[in-house]
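Below is one structure, written out as structure tokens; the observations come after it.
The values are calculated or read from the model by the stated rules, or taken from the named source; none is laboratory data. Source: prediction; values computed, not measured. Heads up, the Cβs are rebuilt from the backbone with ideal geometry, glycines too, and the neighbour counts pull from every protein chain shown.
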Amino acid sequence: MANSGAAPSWLDNEQQPAVVRSSSPPEGSSQATAASQLHAESILPSCAKYVVPLSRFVNMGLACLMAFSAVNGILKIAQLQLDTFFVALYMFISAAILFFFELCQFKYVAFIDNVFRRNFGFMYGSRGKALYIIFIAFLNFGLVSTGILQFATGIVLAVDGGLMLFATFKYPTLFSGNEPALPSAGASHPAAAATKGPG
């Protein structure tokens with residue numbers, strides 16, 4: 001005779017309630033992430049918001065100095081030296097690229113911005129621009145025979161690019177406002193969207 005006090009078999013096979021697992025990270029994890037971001041921002045200098053505009057003005061000034069050095073070097077060429085002439089010409093074009101890029105960050109010009117995004121997309125990254133400044137700095141050393149101005153311009157440009165490259169590694173969020181080059185031609189520049197306003 002079966003034991004009447006035994007539990008029915010259907011109670012043994014009763015399914016346990018399913019445990020619902022949330023896909024969102026634990027609250028402690030999100031708080032830790034937010035705390036790490038606040039800590040990264042707190043290590044930036046208090047004057048960090050002035051660093052990027054100031055660096056743009058410095059780059060524009062150095063670009064003008066480099067262009068002047070190129071013209072000065074051409075005028076001081078004693079004889080028709082094609083190699084020196086083309087170095088100076090390349091210096092002038094490189095300085096113009098840097099100047100108009102920085103100028104376009106203050107005053108948005110659709111045509112200029114489109115040209116830069118198609119051909120000089122690396123300039124929209126802080127490290128790419130820093131390496132570009134260091135590269136064009138060495139062009140000035142090709143005209144040191146024409147005077148001390150070219151040598152001094154190359155030194156100042158190299159220091160400027162080196163400091164900018166160091167800052168991008170020391171404070172990664174310092175130049176976070178620089179947008180990468182957009183792959184689509186129809187994408188709008190942040191400055192253009194700001195000038196259009198809502199709607």
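At a glance:
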| quantity | calculated |
| --- | --- |
| The stretch 67-76, subset more than 27 Å from the chain's Cα centre (by Cα), surrounded by fewer than 20 Cβ atoms within 10 Å (Cβ to Cβ) and not aliphatic (A, V, I, L, M), residue modelled with the lowest pLDDT | Lys76 |
| Whichever residue in the stretch 106-125 is touching a residue at least 24 places away in the same chain (Cβ under 8 Å) and more than 17 Å from Asn59 (Cβ to Cβ) and, among such residues, is surrounded by the most Cβ atoms within 10 Å (Cβ to Cβ) | Arg117 |
| Test for Leu103: is it of a type in the set (A, V, I, L, M) and under 28 Å from Thr173 (Cα atoms) | yes |
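Condition check ((1) under 19 Å from Leu149 (Cα atoms); (2) out of contact with any Cys (no Cβ under 7 Å at 6 or more places or on another chain); (3) aliphatic (A, V, I, L, M)) across all residues:
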{"residue": "Ala70", "(1), (2), (3)": "yes, yes, yes"}
{"residue": "Phe86", "(1), (2), (3)": "yes, yes, no"}
{"residue": "Met91", "(1), (2), (3)": "yes, yes, yes"}
{"residue": "Ala96", "(1), (2), (3)": "yes, yes, yes"}
{"residue": "Phe101", "(1), (2), (3)": "no, yes, no"}
{"residue": "Gln105", "(1), (2), (3)": "no, yes, no"}
{"residue": "Phe111", "(1), (2), (3)": "no, yes, no"}
{"residue": "Val115", "(1), (2), (3)": "no, yes, yes"}
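Residues are listed down the side, and each one gets a yes or a no for (1) touching a residue at least 24 places away in the same chain (Cβ under 8 Å); (2) under 22 Å from Pro53 (Cα atoms); (3) touching a Lys or Arg at 6+ places or on another chain (Cβ under 9 Å); (4) surrounded by 19 or more Cβ atoms within 10 Å (Cβ to Cβ):
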site: Leu65; (1), (2), (3), (4): yes, yes, no, no
site: Thr84; (1), (2), (3), (4): yes, no, no, yes
site: Leu98; (1), (2), (3), (4): yes, yes, yes, yes
site: Arg127; (1), (2), (3), (4): yes, yes, no, no
site: Asn140; (1), (2), (3), (4): yes, no, no, yes
site: Ala158; (1), (2), (3), (4): yes, yes, no, no
